[in-house]
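Have a look at the structure below, then the notes.
Bear in mind that the values in this text are calculations on the coordinates, not laboratory data. Keep in mind the model is a prediction, meaning the values are calculated, not measured. Please note: Cβ atoms are built from the backbone with ideal geometry, for glycine as well, and neighbour counts cover all protein chains shown.
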Amino acid sequence: MTKDKELELLERIAYLERIIKEKVEDAPKIPTYNFGKITIKELRTLFDLERVYDHQVFNHWLNCDPVLTAEEIQFLTTLLEREIDLIKVYNEEDLKIHFIAPILNQIDYKSFKHKIRDFYEETLVYKTEQFILSGITDFVVASGLEYPEKPYFFIQEFKKGLQYSNPEPQLLAELIAAVELNDIQTIKGAYIIGGNWSFMILTKLDQHKYQYAISKNYDSTDLDKLIGIYKNLQFVKQEIFRQ
């Protein structure tokens, strides 16, 4: 190849590289929303999202009354006696390790028979042509033993207080992503702010159209309320294993 031909070829390559770069730079960027930072207002720009202020939607769940064993009652009593003075001052990791994890381990969502278990710190991504929802889930019960396949129940944001971040839109974003990725109509979740637990149900009505409801707060520093939280989690386990 002559030097002139070589120079001409290099110039053509450089020209094509400029064209490709310009096209990439000019291409519209898909907005990405992170679970940990998204707000209710942003969710409502992406979805037709309505909160239903009707606690009757929880009747089948939160008004159930699973019978707890004496050992389970004693476990909750002992746990609360040990942790009650620190629950509302723990940082996020302390709260998880010392108080929340023992409860979840006692419930024990792992079943080799049903091929279901609990997963921590898993990545979840829902991508459309208009936007991307993504982030790390704190806790999810899902089918699959090696990796999560179909999610059934989420717990989000073991936060000490709302000044850290609001877990409600984070949980909502996760539930919406799970519904869309797995072609399901209804999904349950919970979020925790310090010692307070709230439960949530999300229902898909149509394409990108949802209703959701949030339960009353359960103060886990009150033994009766803690027993209620435990029963609510136990109901979820039984419901999942029946599917």
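Which one of I240, I187, I193, I176 is more than 13 Å from the chain's Cα centre (by Cα) and farther than 24 Å from L80 by Cβ?
None of the other options fit; the residue is I240.
With the requirement that a residue be surrounded by fewer than 15 Cβ atoms within 10 Å (Cβ to Cβ) and in contact with a His (Cβ under 8 Å, 6 or more places away or on another chain), what does the range 57-97 give you?
L86 - this is the single residue of the range 57-97 that is surrounded by fewer than 15 Cβ atoms within 10 Å (Cβ to Cβ) and in contact with a His (Cβ under 8 Å, 6 or more places away or on another chain).
Can you find a residue in the range 161-174 that is closer than 21 Å to W61 by Cβ and surrounded by fewer than 14 Cβ atoms within 10 Å (Cβ to Cβ)?
Within the range 161-174 (the criterion being closer than 21 Å to W61 by Cβ and surrounded by fewer than 14 Cβ atoms within 10 Å (Cβ to Cβ)), the answer is no, since none of the residues qualifies.
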